[in-house]
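The values are calculated or read from the model by the stated rules, or taken from the named source; none is laboratory data. The structure displayed is predicted, hence computed values, not measured ones. All Cβ positions, glycine included, derive from the backbone under ideal geometry; neighbour counts span all protein chains shown. In case anyone asks, the SASA skips ligands and DNA or RNA and just uses the protein heavy atoms, side chains included. Shrake-Rupley method; radii C 1.70, N 1.55, O 1.52, S 1.80 Å.
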Amino acid sequence: MILEQERQAVVDACHTMQDQGLTVGTAGNVSIRVDDLVVISPSAVPYDELTAADIGVHRLDGSPVEARYKPSSELPLHLSVYHSSDVVAITHNHAPASTALGLVVDEVPCSHYYSAMFEGTVRVAAYAEFGTDGLALNVMDALRDRHAALMANHGAITTGPSIDKALSLLPYLEYICEVHLRAMSTGRTIKILDDQQMADAVQGVAGYSPKSVDSEN
């Protein structure tokens, strides 16, 4: 079995998303790029039943190399991101707060300095039907110079130079969305960090893993 380590990493990431309540049922998907190949979770296979052998390997044109199941319906989205950037891993989830916030805003303002982990405001990609080229184009635009995006009426996506990095961003994305939703529910004016404050925050978190951000200097 080729790319066994990467395929197992996709299984582990799917389990993590499920364990942290970041997805529901078989929703969501995870992929890793290795040179000209992409390993990606299959469509409609319960996460509890996934094994490394269930994770398909596809070429960057989408053709299968070693895949026992149909790939995630979002394979076109993953491939488009890989074609347009140098990211190595992608996670996509349907967590409640990020999905809900994507229904009512066009971007997540910098109401918490954790936004610096995503290089600033998190954009909301315009709605398009799942699995379509239209969705892929909308998400690529929203991801421009960012590590995450929300998808209107759908969910969220994070990217990274490794699967561990992309996955580690998901709970922080969910957190800033939850915080902003709660602030909006008060009806009061929300304090937003200005450009200089955000620039300082970006510099402050540079080189830190999400775990180290928790320790707040």
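For the stretch 29-54, give me each residue that is open to solvent by less than 50 Å² (accessible area, probe 1.4 Å), within 14 Å of residue 89 (Cα to Cα) and part of a loop (DSSP other than H, G, I, E, B). Answer for the stretch 29-54, where residues must be open to solvent by less than 50 Å² (accessible area, probe 1.4 Å), within 14 Å of residue 89 (Cα to Cα) and part of a loop (DSSP other than H, G, I, E, B): just 41.
For the stretch 61-82, indicate whether the set of residues that are among the β-branched types (Val, Ile, Thr) and more than 24 Å from residue 179 (Cβ to Cβ) is non-empty. Yes, the conditions are met somewhere in the stretch 61-82.
Against the condition under 17 Å from residue 22 (Cβ atoms), in a helix (DSSP H, G or I) and of a type in the set (A, V, I, L, M), how does residue 170 come out, does it pass? The answer is yes for residue 170. Return a yes/no flag: does the stretch 157-171 have any residue that is open to solvent by less than 30 Å² (accessible area, probe 1.4 Å), modelled with pLDDT of 95 or more and farther than 18 Å from residue 87 by Cα. No; the residues of the stretch 157-171 include none that is open to solvent by less than 30 Å² (accessible area, probe 1.4 Å), modelled with pLDDT of 95 or more and farther than 18 Å from residue 87 by Cα. All conditions in (1) touching a Pro at 6+ places or on another chain (Cβ under 6 Å); (2) among the hydroxyl-bearing types (Ser, Thr, Tyr); (3) not in a loop (DSSP other than H, G, I, E, B) hold for residue 69, with the sole exception of (3). Within the stretch 1-28, the set of residues being in a helix (DSSP H, G or I) and open to solvent by 10 Å² or more (accessible area, probe 1.4 Å) comprises 4, 5, 6, 8, 9, 12, 15, 16, 18, 19. Within the set 115, 212, the sole residue that is open to solvent by less than 70 Å² (accessible area, probe 1.4 Å) and modelled with pLDDT of 95 or more turns out to be 115.
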